[in-house]
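Read the structure below first, then the notes.
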Amino acid sequence: MNYLLMYDFVADYLDRRPAHRDAHLALCKQAVARGELAAGGAVGNPPESGLLLFKGSAEHAETFARNDPYVLHGLVTRWQVKPWTTVVGIPELVPDPL
């Protein structure tokens, strides 16, 4: 099962992001290295939200959010984790492809 971690950003996200970006990206790279995080990034131009795709466990996404500098420093106004039943795509992300 895959899980989406969805972030809603504050209005001044782009102004506040630089102070926390390196720490956020380090956390992302650690999650990728553990095989938990498949992809992630900002949504919109300018960014209004973020979306991160986690593999295997909702707990991976929840733990990530609780430790993310963007969340800890108030750049994220709301976050949620939702299961994503992936039915088509690359084998690493689709347990039972069509």
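The values are calculated or read from the model by the stated rules, or taken from the named source; none is laboratory data. Treat the numbers as computed from the prediction; the structure is a model and nothing was measured. Counting neighbours? That spans all protein chains shown, and the Cβs are built from the backbone with ideal geometry, glycine included.
Numbers for the structure displayed
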{"read-out": "The range 8-48, subset part of a strand (DSSP E or B) and either of a type in the set (Lys, Arg) or closer than 19 Å to GLY89 by Cβ (or both), residue farthest from the chain's Cα centre (by Cα)", "value": "VAL43"}
{"read-out": "Condition met for GLY56 (in contact (Cβ under 8 Å) with a residue 12 or more places away in the chain and surrounded by fewer than 13 Cβ atoms within 10 Å (Cβ to Cβ))", "value": "no"}
{"read-out": "Residues being surrounded by 13 or more Cβ atoms within 10 Å (Cβ to Cβ), among the β-branched types (Val, Ile, Thr) and farther than 11 Å from LEU4 by Cβ - total across the range 76-98", "value": "3"}
{"read-out": "Within the range 55-76, tally of residues that are in a strand (DSSP E or B) and within 19 Å of ALA23 (Cβ to Cβ)", "value": "1"}
{"read-out": "Test: THR77 is of a type in the set (Ser, Thr, Tyr) and farther than 26 Å from ASP15 by Cβ", "value": "no"}
{"read-out": "Options LEU5, LEU51; residue that is crowded, with 16+ Cβ neighbours inside 10 Å and under 11 Å from the mean Cα position of the chain (by Cα)", "value": "LEU5"}
{"read-out": "Some residue of the range 27-44 being aliphatic (A, V, I, L, M), in contact with a Gly (Cβ under 7 Å, 6 or more places away or on another chain), surrounded by 11 or more Cβ atoms within 10 Å (Cβ to Cβ) and at pLDDT 95 or above", "value": "yes"}
{"read-out": "From ARG21, ARG17, residue being on the phi < 0 side of the Ramachandran plot, of a type in the set (Lys, Arg) and touching a residue at least 24 places away in the same chain (Cβ under 8 Å)", "value": "ARG17"}
{"read-out": "Hey, HIS73 in contact (Cβ under 8 Å) with a residue 24 or more places away in the chain and crowded, with 16+ Cβ neighbours inside 10 Å or not", "value": "no"}
{"read-out": "Sole exception among (1) of a type in the set (A, V, I, L, M, F, W, C); (2) modelled with pLDDT of 95 or more; (3) touching a Leu at 6+ places or on another chain (Cβ under 6 Å) for LEU72, by number", "value": "(3)"}
